[in-house]
Amino acid sequence: MEIVSNLLTPRRPTRQISVGSVKVGGDAPVSVQSMTTTKTADVTGTLEQIYALAAAGADIVRCTCNEQAAAEGLAQIVPRSPVPIVADIHFHVEMALAALEAGVHGLRLNPGNLRKPSEIKLVASECKDRGVPIRIGVNAGSLHPEIYERFGGATPEALVESARQELAYFDEVGFSDVKISVKASSVATMIAAYRLASETFDHPLHLGVTEAGPLPGGLIKGTAGIATLLAEGIGDTIRYSLTADPVEEAKAGRQLLESLGLRERKGLDLIACPSCGRAEVDVIAVASAAQAALQDRNLPIQVAVMGCVVNGPGEARHADLGIAAGKRRGHLFIRGQIVRVVPEDEMVAALVEEAEKLVAEGVEARLAARDVSAEKEAEADRAALLDAKGLDANHATERIEKIRRRTEGH
Ligand code: SF4
């Protein structure tokens, strides 16, 4: 689709920051965010949801880090996530530090409930040392009580003041790797707050209407706020907050950006794992070859390229089709179920062939046509790889030990 964003008010220039591999602000495309609803300590369930969100269009995913078990989960999730992970922090400075130890790509701090200047500066210094950005996530519902009183409520000015105060603490330790949100559940308040924020700061802005509620009302509220601002050139990254499966948030975000001409429409949706310590193949090379082979075929499906057979088919079970590598073989899977095992050098060709059949015949027919011995062969490969690399291919145990030392120190 033609990019027509030049018909809207040009985007206001902001500084650019990097959340892992995703650039936010400056001339970077407006990115889509969502948040998991699983317990972060549930590594498998959370990764499955992250993959589903990535496939639905999320560029960045946030996970709550509200307890030590969540931080330990993050130590295992981050190296296996296909998109950068931001830890959501409320109240507890030690959870911010533990999330950093877990290797997250960004933090979200709520200035309304993490209030001690010494703690805020400690987190900012640590983020500075590690090159990890922070979102100052002001929320009308949990505004700092002193600011609430001073402004006589959660007014747009009060929201912006809360962000300004937090920024001042960051300035004291020379930390400026920041994006800002000033969310409210009132669309009018949120629009006014972001307009003011865009005049006040040159940091990238993360747009959202909080607690927008269930579908369809939540979608309308979110769109009213986010689209209005984007059309005015305000906003660098967005999140719909819906009382619904977060996949709906990611889809809505993506569709909104496409409908405004701020992102290109996708036909084929190819996702790839980040290739962690378990990878059995050069994931980037296979993903690029798959992209090149599939892109002109205009197949409306999600395809996953995964670095290992141990976790790949499960993590990407929401994808229509995928290939995972192991023991010089590729495991072809449809919706998480292994349908064929092929030699490594035939992985891409097999993927293309299956993609075409899948579109022509449908999921049920292709599952029925699967090679009956494939699952057994796949299981043997998985067991051999687990034997070879153990359960902790990413050395998450070391990070978890550091997290425990940190959390116990407080
Ligand atoms: S190599 Fe395996 S465990 Fe690692 S990110 Fe890829 S699929 Fe997940």
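The values are calculated or read from the model by the stated rules, or taken from the named source; none is laboratory data. None of the values given here were measured: they were computed from a predicted structure. With ideal geometry, Cβ positions are generated from the backbone for all residues, glycine too; neighbour counts draw on all protein chains shown.
Would you say Glu280 is within 30 Å of Gly390 (Cα to Cα) and of a type in the set (D, E, K, R)?
On the way: within 30 Å of Gly390 (Cα to Cα): yes; of a type in the set (D, E, K, R): yes.
It is true that Glu280 is within 30 Å of Gly390 (Cα to Cα) and of a type in the set (D, E, K, R).
Let me confirm something: among Arg297, Arg278, which residue is within 16 Å of the ligand (Cβ to nearest atom), of a type in the set (Lys, Arg) and modelled with pLDDT under 95? Step through it out loud before you land on a result.
Numbers: Arg297 fails: within 16 Å of the ligand (Cβ to nearest atom).
Result: Arg278 is the single residue among Arg297, Arg278 that is within 16 Å of the ligand (Cβ to nearest atom), of a type in the set (Lys, Arg) and modelled with pLDDT under 95.
Checking Ile271 against (1) away from the ligand (no atom under 16 Å from the Cβ); (2) touching a residue at least 60 places away in the same chain (Cβ under 8 Å), only one condition comes out false. Which one?
(1)
Could we say that Glu344 is within 15 Å of the ligand (Cβ to nearest atom), under 19 Å from Glu377 (Cβ atoms), of a type in the set (D, E, K, R) and crowded, with 23+ Cβ neighbours inside 10 Å here?
Values: within 15 Å of the ligand (Cβ to nearest atom): yes; under 19 Å from Glu377 (Cβ atoms): yes; of a type in the set (D, E, K, R): yes; crowded, with 23+ Cβ neighbours inside 10 Å: no.
No.
Name the single residue that is farthest from Met347 (Cα to Cα) among those in the stretch 306-321 being among the aliphatic types (A, V, I, L, M) and more than 9 Å from the ligand (Cβ to nearest atom). Spell out the reasoning first.
Filtering the stretch 306-321 down to residues among the aliphatic types (A, V, I, L, M) leaves 306, 309-310, 316, 319, 321.
When the remaining residues are screened for being more than 9 Å from the ligand (Cβ to nearest atom), the result is 319, 321.
Working: Ala319: 17, Leu321: 13 Å.
That would be Ala319.
Would you confirm whether or not the stretch 366-375 contains a residue that is touching a helix residue (DSSP H, G or I) at 6+ places or on another chain (Cβ under 6 Å), at pLDDT 95 or above and not small (Gly, Ala, Ser)?
Yes; the residues of the stretch 366-375 include at least one that is touching a helix residue (DSSP H, G or I) at 6+ places or on another chain (Cβ under 6 Å), at pLDDT 95 or above and not small (Gly, Ala, Ser).
Within the stretch 83-99, is even one residue within 18 Å of the chain's Cα centre (by Cα) and more than 20 Å from Ser241 (Cα to Cα)? Show your work before the answer.
Within the stretch 83-99, the first condition is being within 18 Å of the chain's Cα centre (by Cα), and the residues that meet it are 83-89, 96, 99.
Next, from what is left, pick out any that are more than 20 Å from Ser241 (Cα to Cα): 96, 99.
The answer is yes, given that some residue of the stretch 83-99 is within 18 Å of the chain's Cα centre (by Cα) and more than 20 Å from Ser241 (Cα to Cα).
Which numbered condition in (1) of a type outside the set (Phe, Trp, Tyr); (2) away from the ligand (no atom under 16 Å from the Cβ); (3) assigned to a loop (DSSP other than H, G, I, E, B) is the only one that Lys376 fails?
For Lys376, the failing item is (3).
I'd like the residue in the stretch 21-54 that is within 16 Å of the ligand (Cβ to nearest atom), among the aliphatic types (A, V, I, L, M) and more than 25 Å from Gly235 (Cα to Cα) and, out of all such residues, is surrounded by the fewest Cβ atoms within 10 Å (Cβ to Cβ).
Result: Val43.
Report the residue count in the stretch 385-410 for those that are without any contact (Cβ under 8 Å) to a residue 24 or more places away in the chain, closer than 25 Å to Val310 by Cβ and part of a helix (DSSP H, G or I).
Residues meeting the conditions: 5.
Output the residues belonging to the stretch 170-190 that are under 21 Å from Ser18 (Cα atoms) and of a type outside the set (Gly, Ala, Ser). Walk me through how you get there before you give the answer.
In the first step, residues of the stretch 170-190 are kept if they are under 21 Å from Ser18 (Cα atoms); the result is 170-171, 173-182.
Hits for the stretch 170-190 are Phe170, Asp171, Val173, Phe175, Asp177, Val178, Lys179, Ile180, Val182.
Looking at the stretch 161-169, can you tell me whether even one residue there is within 20 Å of Gly26 (Cβ to Cβ) and either crowded, with 17+ Cβ neighbours inside 10 Å or modelled with pLDDT of 95 or more (or both)?
yes
If I ask for residues that are modelled with pLDDT under 90 and among the basic types (Lys, Arg), which ones from the stretch 308-327 would you list?
Lys327
Identify all residues within the stretch 209-233 that are modelled with pLDDT of 95 or more and at positive phi; write none if there are none.
Gly233
Looking at Ser186 and the list (1) in contact with a strand residue (DSSP E or B) (Cβ under 6 Å, 6 or more places away or on another chain); (2) small (Gly, Ala, Ser); (3) surrounded by fewer than 18 Cβ atoms within 10 Å (Cβ to Cβ), which single condition is not satisfied?
(1)
Just need a number here: residues in the stretch 318-368 that are within 15 Å of Ala272 (Cα to Cα) and in contact with a Phe, Trp or Tyr (Cβ under 8 Å, 6 or more places away or on another chain).
6
For the stretch 314-360, what are the residues that are in contact (Cβ under 8 Å) with a residue 60 or more places away in the chain and within 22 Å of Val247 (Cα to Cα)? Explain how you work it out, then say what you get.
From the stretch 314-360, those in contact (Cβ under 8 Å) with a residue 60 or more places away in the chain are 314-319, 344, 347-348, 351-352, 355, 359; that's our starting set.
Result: Gly314, Glu315, Ala316, Arg317, His318, Ala319.
Sort out for me the helices (runs of 4 or more DSSP H) sitting completely within the stretch 241-341 that have 2 or more residues that are crowded, with 23+ Cβ neighbours inside 10 Å, assigned by TED's automatic domain parsing to the domain that holds Arg11 and under 20 Å from the mean Cα position of the chain (by Cα).
246-259
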